[in-house]
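Below is one structure, written out as structure tokens, with a few remarks after it.
The values are calculated or read from the model by the stated rules, or taken from the named source; none is laboratory data. No experiment lies behind these values; they were computed from the predicted model shown. Heads up, the Cβs are rebuilt from the backbone with ideal geometry, glycines too, and the neighbour counts pull from every protein chain shown. These accessible areas exclude ligands, DNA and RNA; they are computed on the full protein's heavy atoms, side chains included. Shrake-Rupley method; radii C 1.70, N 1.55, O 1.52, S 1.80 Å.
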Amino acid sequence: MNIKAQTDLAELLRRCHAIVWDEGAMGNKFHLEALHKTLCDFMGVDPTAVWFGGKTVIVSGDFRQTLPITRYASRAQTIEVALTRSWLWPKFHKFRLTENMRIEKARQALLNCNASTDDHTLLEQLETFAAWLLSLGDGTDTTTDALSQIRVPSSLCLPTGCEMQGLIDWVYPNLATNCTDVSWLSGRAVLAPYNEEVDRINKTVSESFPGEEWALPSADACTDPDDTNQWPVEYLNTIRHSGMPEHDLRLKPNMVVMLLRNLAPTKGLCNGTRLIVKEVINKRILVAVIATGSHAGEVVKINRIKLSPDEGIFPFEWSRLQFPVRVSFAMSI
């Protein structure tokens with residue numbers, strides 16, 4: 001992001017005392033170093049003697065999780081751009097969080113009420129799963145081989161030979177009956193490693209989802225009119241990209257969708273927010289209910305907006321006028 005020294009944002013950075021960088025494990029080391037140089041420039045200090053312009057920078061994250069997403073990079077190239085590879089990383093003080101607060105809250109809840117045998121069994125299962133997940137991230141799981149192939153415990157697997165439809169039926173049982181329950185829908189999802197599998201699961205569930213369907217085609221166009229003859233609209237309509245809504249978007253009442261852009265963060269409309277579709281007015285306004293977060297239950301209205309993919313992905317620039325949502329019965333990991 002290009003920040004000019006005389007702007008309000010630059011003045012805000014000069015006045016701030018601390019900067020919190022959440023999910024730092026996914027950050028690129030070059031972004032960290034650019035922040036250091038920018039703050040030193042704004043504060044007028046020597047970047048070789050003062051770190052981050054004298055500001056306190058707090059980076060939180062878990063390197064057991066996803067590292068920086070680097071397009072077309074190998075495993076070694078991905079590791080090389082992680083924050084731990086930056087020359088600034090040794091300047092940080094490292095602190096470890098060792099207590100699993102979710103498990104502790106569940107344990108305290110059991111102590112404060114008349115817990116049944118099933119409740120205690122569930123707590124034991126959560127503790128076992130948390131311990132296995134931790135050993136997996138630390139590389140101490142005894143079932144993981146030299147090629148990093150993981151043997152998932154049988155207790156976490158469906159019966160042998162279960163097909164994709166069996167997984168869908170297990171995650172979304174009695175869909176026709178439960179489809180109007182917002183908490184039931186928002187509390188479950190299928191996670192898949194590849195976008196192709198996500199699209200296939202979403203399509204399968206959408207076809208069996210009850211209700212009248214709204215067909216909502218997008219309006220696609222090349223940014224440069226000279227590219228129109230080489231890349232016609234019919235071709236643009238066929239493009240499916242993970243960061244873009246589909247051209248042929250099909251929604252039904254009570255269907256779960258995910259927001260693809262930060263529209264109004266202060267109102268709960270952030271990238272990744274899950275919504276429950278309620279109505280589509282004249283194919284121009286999407287009425288939905290926020291399903292998760294502090295704004296859960298609030299009704300929002302979303303217009304179609306013009307979206308473009310990141311630069312460098314395609315050999316030409318183009319845009320898609322569409323609702324910034326995707327069906328979200330399944331999500332990529």
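Stretching PHE316 away from VAL233 to a fully extended chain increases their span by 28.6 nm, per 0.36 nm per residue minus the current alpha-carbon distance.
Considering only VAL277, VAL287, VAL20, give the residue with the highest GNM mean-square fluctuation for the chain, with springs between Cα atoms whenever their separation is below 10 Å. Comparing VAL277, VAL287, VAL20 in the GNM, the peak value goes to VAL20. When the alpha carbon gyration tensor of the stretch 181-333 is reduced to an equivalent ellipsoid, the three semi-axes, largest first, read 27, 17, 15 Å. For the chain, what is the relative contact order in percent, using Cα pairs closer than 8 Å and at least 6 residues apart in sequence? Computed value for the chain: 12 percent relative contact order.
In this view, the solvent-accessible surface of LYS4, computed with a 1.4 Å probe and all protein chains in place, comes to about 140 Å².
Here the ratio of the Cα radius of gyration of the stretch 12-80 to 2.2 N^0.38 Å is 1.26. Here the dipole of the chain is about 860 debye; that uses its Cα centre as origin and unit charges on the Cβ of Lys and Arg (positive) and Asp and Glu (negative).
Relative intensity of the chain on a log10 scale, I(q)/I(0) at q = 0.08, 0.11 Å⁻¹, equals -0.54, -1.04, per a Debye sum over C-alpha point scatterers of equal strength in the absence of solvent. The mean sequence separation of alpha-carbon pairs under 8 Å and at least six residues apart, normalised by the residue count of the stretch 1-77, gives a relative contact order of 36 percent. Rolling a 1.4 Å probe over the protein chains gives ASP46 an accessible area of about 80 Å².
Straight-line cross-link partners of LYS94 among the lysines, defined as a Cα under 29 Å from its Cα and at least 8 positions apart when in the same chain: LYS29, LYS37, LYS55, LYS105.
Across HIS295, HIS247, HIS120, mean-square fluctuation computed from a Gaussian network of the chain (C-alpha pairs under 10 Å connected) peaks at HIS120. For the stretch 129-278, relative contact order (Cα pairs under 8 Å, six or more residues apart, normalised by length) works out to 16 percent.
The eigenvalues of the Cα gyration tensor, multiplied by 5 and square-rooted, give the stretch 140-259 an equivalent ellipsoid with semi-axes of 34, 24, 11 Å from largest to smallest.
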